[in-house]
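Below: one structure, written as structure tokens.
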Amino acid sequence: MSFAAVTAALCGLAFAALFLFTLVRGTPSREGRFVLAASAATALWAFGSAFGMAPGRLQPLETAQTLIWLALLEFLLRPQAEDSLKHGMRRLAVIGGVLAGVTALANDLVHLDNGALVWSQIVTRAGLAIAGLLLVENLYRNIEPKRLWNVVPFCIGIGGFFAYGLFLYSTALLTGHVNPVFADARSAATCLSAPFLALTLARNRNWRIDHHISRSLVFHAFTLVVSGVFLLVVASLGAVLQQHGGWGPAAQVVTLFGSALVLTLVLSSGGIKARINYLVSRNLFSLRYDYRVEWMNFIDILSAPGDGAELRQRVIHAVANIVDSPRGALWLIDEDVGFRPAAFFNLRLPAELIEPLSGAFVAGFRGGHWIQVFDGEVDPAPWRADGQFWLAVPLVHSGHMIGFIALAHPRAPLDLNWESFELLRAVGHQAASYICEETAARQLADARRLEDYGKRFAFLGHDLKTLASQLRLIAVNAQRHGDDPGFRADAFRTVETASARMNALLLQLHARTTAAAEPQRAASVDAARIVAEVAGALAGAAVVIETRMPPIAARVAMPAENLRSALTHVVSNAVEASPPGAAVSVAGTVADDRLAIEVADHGPGMDPEFVRNELFRPFRTTKTGGSGIGAYQTRELVRAAGGELDVISQPGAGTTMRIVLPLAREGAVPSAA
């Protein structure tokens, strides 16, 4: 036996086994009965090929098995299709499919005695293969992800069956006859589909395959049908020219390739795709829009900052996408004058344009409830007079119209109906909420920057108060010790230090509120040196300041000026709270890569409730002339360095302020201050 006969026999046995496998599973479902009929027809066709049945007698069997597989695919797609497609179009499609199938069988019966396929039979088989691939694609793409496991083998098996048929007969369209090598291999190719179909039966006991027909899939299917018909017409023209014009196969291939390029160019046109989409939505679906898809597209555009466009431009794009408009402009309200252009999408308008609040155009929105279509009857303002705009969508938030979006004419003619207006109103409300949210975020960011500036200004005022106290102390003591050279030297050093600190504080006031774009290593400072400087500056005859710092170098990751400000506040408060003759202790310990500096006094102490609720509240003070910012500033400076400020106090038992700071890591930049 030849290779073709052997593979045909194997194909017949495979589909006979598939027939029996379906039969022994019990009473077959409706889908199972289709599988039984298709398996039987395929097995008869394969056995006929194996045992030398005349080609003309095999052709009706081949067409019959193809039609049954097509019917099964159509049946699997029917439940959701009946919900999505208009009933009239649905009946028309079914009637057309039945007529096409009857015509194909009748054509085979008419040419029953022919040894080879005639032109009409080749065209019919190529068309059936295209239809099969379209149905397989719809079935695969509309299956829920969790059900793909059930249907993938079926799509592979049947898809391969129709793909080989399209390859076989599209080649025949170019050459005018079926290639015998490809024809002999068809039984083997068909046999390879049987295991996938058997696996599908094993995975689908009751053949319940949930799916959803999406508009995008209908659009692609319609496009593929038109493309297939176009290519069939071109191939048929090439065959006619070969028979009557003397064109060779090379000319036919070039013609088909050129036609494919032209088809690709045409289908890549946005206007043509818009027209096809409008035609599909209007004639095949009871509702114009797939609201789930439209809403997801709307949200995706608004939440995609990676495209480099700011939110207001994305809002225009998202609303324009609903009606396939290529351009638009966003106008936002200015309560003093009216609506001004705020953003543009693929166009530009003069920034000085104003749409007055009391004008006829704004009144046409009826408080944001109406969408205006520019039909030439509106007041011809300069920006509408050139005819580039088509409609305007109001943006309403919390019952107030905050702006509108003016859109250009769509790529394809679009008849607006109630559904279009309702959807545009809904997305207008959503877009307005996004714009208001962004505006509120900007205002909040500005308020935070002002708050930070005010906080730094308050810190500056508190530090200046400390410096003023030191300078006042010099002025008071100058009357008694002005002739002392040592006093004068100390006074000049204090004035010089105060001047340097004031300059540093002014620099901090003008510093940026955020970190620099380029990463910098953290500043570090010798804590023992700062403690000694602060103790020396605040030491007086009435109160003794005792310092005990660890013998090892203790550098902390904190700017010197910040540490000096924090210690100055803590130590000066301890000195003020201590009775004359008492001592203030400043002790440092190192443990677990952290430095703890404890400032202890023997003053009256504080109530725990006051420490918990009042001590660190800004502008709260119990001292006459105090600013109430010192404790809050100290805690903020310590926390900014990654540390913490603890307060240990009891009435009558004094107070201990503990500043805990992380030690600086190796490589930290020493502070110049």
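Just so it is clear, none of the values below were taken in a lab; they were calculated from the coordinates. This is a predicted model, so every value here is computed, not measured. Quick reminder, even Gly has a Cβ in these numbers, built from the backbone with ideal geometry, and neighbours come from all protein chains shown.
I need Trp45, Trp149, Trp295 ordered by Cβ neighbour count within 10 Å, fewest first.
Working: Trp45 27, Trp149 10, Trp295 16.
Placing the least packed residue first, the sequence is Trp149, Trp295, Trp45.
Ranked by how many other Cβ atoms sit within 10 Å of their own Cβ, fewest first, the residues Glu355, Glu598 fall in the order Glu598, Glu355.
Please give the FRET efficiency for Leu357 paired with Asn613, using the beta carbon to beta carbon distance and R0 = 51 Å, rounded to the nearest 0.05.
Numbers: r = 50 Å, r/R0 = 0.97.
Result of the calculation: an efficiency of 0.55.
Between Asp334 and Ala445, the simple spin-label model (points 7 angstrom out along Cα→Cβ) gives 2.2 nm.
If R0 equals 56 Å, the separation of the Cβ atoms of Arg665 and Leu347 corresponds to a calculated FRET efficiency of about 0.55. When Ser649, Ser29 are sorted by how many other C-beta atoms sit within 10 angstrom of their C-beta, beginning with the fewest, the order is Ser29, Ser649.
For Glu576 and Leu109, compute 0.36 nm times the residue count separating them, minus their Cα-Cα distance, and round to one decimal in nm.
Details: separation 467, 0.36 × 467 = 168.12 nm, distance 11.62 nm.
Working it through step by step, the gained length comes to 156.5 nm.
The modelled label-to-label distance for the pair Arg472/Val102, using points 7 Å beyond Cα in the direction of Cβ, is 11.1 nm. Using only the C-alpha atoms, the convex hull of region 307-441 corresponds to 113 Å³ per residue.
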